[in-house]
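The values are calculated or read from the model by the stated rules, or taken from the named source; none is laboratory data. No experiment lies behind these values; they were computed from the predicted model shown. With ideal geometry, Cβ positions are generated from the backbone for all residues, glycine too; neighbour counts draw on all protein chains shown.
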Amino acid sequence: MIVTQAREPLFYRDLGVPDTVNGRFDLLVLHLWMVLRRLKTIEGRAELSQALFDGFLRRYGRELAAKWASAISPSQSECRPLGRPSTAGQRPTHQA
């Protein structure tokens, strides 16, 4: 139900939400947040709320982590071997 509502065409067509991976994800998270917030106000719904959140992470967590990691990791041409850390600007330590 949350995914169906978040994919409602009017958000993209009439309200200007970009029909991109990021736009769809933003709407999905917004709708999830609204449902979780509502469940928080209903006594005895903490377990349902937690199960819904856990299910979301199971379904989207790994996929999102992989996309974010690839988006922020440098390309192979930018990678260089790690050497010793630079000590420039550091005060020498006293050895007794």
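Numbers below:
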quantity	calculated
Subset of the range 31-64 (residues that are surrounded by fewer than 14 Cβ atoms within 10 Å (Cβ to Cβ) and among the hydrophobic types (A, V, I, L, M, F, W, C))	W33, M34, I42, A46, L48, A51, L57, L64
Members of the range 20-50 found to be more than 18 Å from the chain's Cα centre (by Cα) and of a type outside the set (V, I, T), listed by number	R37, R38, L39, K40, E43, G44, R45, A46, E47, L48, S49
Number of the exception - V17 against (1) modelled with pLDDT of 90 or more; (2) assigned to a helix (DSSP H, G or I)	(2)
